[in-house]
Amino acid sequence: MHSALVRVQNVFGFFTTVAFVVATIVALSVVVTPQAPSASVKLRNVQVVRGRPHYYSTKREEYAHIKFDLDADLTSLFNWNTKQVFLYLTATYPSLDPREPPSQAIIWDAVLPSLSAPLHHNQYIHPAKNGKASKGKKAPYPPGEIHLAAQRPKYQITDFSGKLQNRTDAVLELGWNVQPWVGALTWVNYQDFGVWKGLNGGKSKVFQFPEIRKRKEADLKTEKGGEGNRGKPA
């Protein structure tokens, strides 16, 4: 006759085996779930200024302030295994040295939670349809649907060379990272993979950074984010 300890070990082993099998099935089932994300990114305004881009900057340098319009339908990224989607918008432009890869900097990001995700201060709160803050209220759109006009950046961008004016062939690109409850992380893709369609759109037209001009301080404000309490660790 088995002792109580052996019985507990057998029950625990059976439980962990079943949990592992169920988690594997859930993770693999996402592959057969159709995805068809689409997005439109438009440059609204770009300014290049010389100064200290951050309060901790030790020197004056050129930095860019970019406003944009974003309309995205990423609702198909949300399924029973999606915890949240980390969404970000990057500015990509060629490096000064043609032998180097293009430079890339994030100008805006957001954590889009699923309806089943626990509430956290770092989750993105979409503005109401009238443009006002919707903090504490029901989101105006389903998870994954974004509509922003003349959106200010959360981050001003600089270049390691300290030069940004007159840089050409720049483009804004939308990217994301899907974080599931169980399984592997997935990133943005532009190619079809089975029932997963590549991102339709998601890039702005090519633009050029303008020359340095003196601007009002109010024109260079950044967005603190739509999070409930930005700055606290996740």
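The values are calculated or read from the model by the stated rules, or taken from the named source; none is laboratory data. Computed from a predicted structure; not experimentally measured. A quick note on method: Cβ atoms are made from the backbone with ideal geometry, for glycine too, and the neighbour counts reach across all protein chains shown.
Brief remarks follow.
- Of residues in the stretch 147-165 being of a type outside the set (D, E, K, R) and closer than 12 Å to D109 by Cα, the one surrounded by the most Cβ atoms within 10 Å (Cβ to Cβ): P153
- All positions within the stretch 173-200 that are among the aromatic types (F, W, Y) and within 16 Å of G144 (Cβ to Cβ): W176, W187, W196
- Of the listed requirements (1) β-branched (V, I, T); (2) surrounded by 17 or more Cβ atoms within 10 Å (Cβ to Cβ); (3) under 17 Å from V48 (Cα atoms), T168 misses just one: (2).
Each row is one residue, and each column tells you yes or no for (1) within 30 Å of V171 (Cβ to Cβ); (2) at pLDDT below 75; (3) part of a strand (DSSP E or B).
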residue	(1), (2), (3)
P118	no, no, no
H121	no, no, no
P127	yes, no, no
K132	no, yes, no
K137	no, yes, no
P140	yes, no, no
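- Any chance R213 is at pLDDT below 85 and in a loop (DSSP other than H, G, I, E, B): yes
- Any hit, the stretch 96-112, residues being surrounded by 15 or more Cβ atoms within 10 Å (Cβ to Cβ) and assigned to a loop (DSSP other than H, G, I, E, B): no
- Residues that are without any contact (Cβ under 8 Å) to a residue 60 or more places away in the chain and among the β-branched types (V, I, T), drawn from the stretch 147-187: T186
- The number of residues in the stretch 165-210 that are among the small types (G, A, S) and either over 22 Å from P34 (Cα atoms) or assigned to a helix (DSSP H, G or I) (or both) comes to 2.
- If you go through the stretch 172-186 and keep only what is in contact with a Lys or Arg (Cβ under 8 Å, 6 or more places away or on another chain) and at positive phi, you end up with nothing.
- Selection within the stretch 70-95 - of a type in the set (A, V, I, L, M, F, W, C) and surrounded by 18 or more Cβ atoms within 10 Å (Cβ to Cβ): L70, A72, L74, L77, F78, V85, L87, L89, A91
- A27 at pLDDT below 75 and not β-branched (V, I, T): yes
- Residues in the stretch 48-77 that are touching a residue at least 24 places away in the same chain (Cβ under 8 Å), over 19 Å from Y93 (Cα atoms) and of a type in the set (S, T, Y): T75, S76.
- Odd one out for V22 among (1) under 17 Å from N177 (Cβ atoms); (2) outside the structural domain of A170 (by TED's automatic domain parsing): (1)
- Pick from the stretch 36-61, criterion more than 18 Å from K203 (Cβ to Cβ) and touching a Ser or Thr at 6+ places or on another chain (Cβ under 7 Å), ranking: surrounded by the fewest Cβ atoms within 10 Å (Cβ to Cβ): E61
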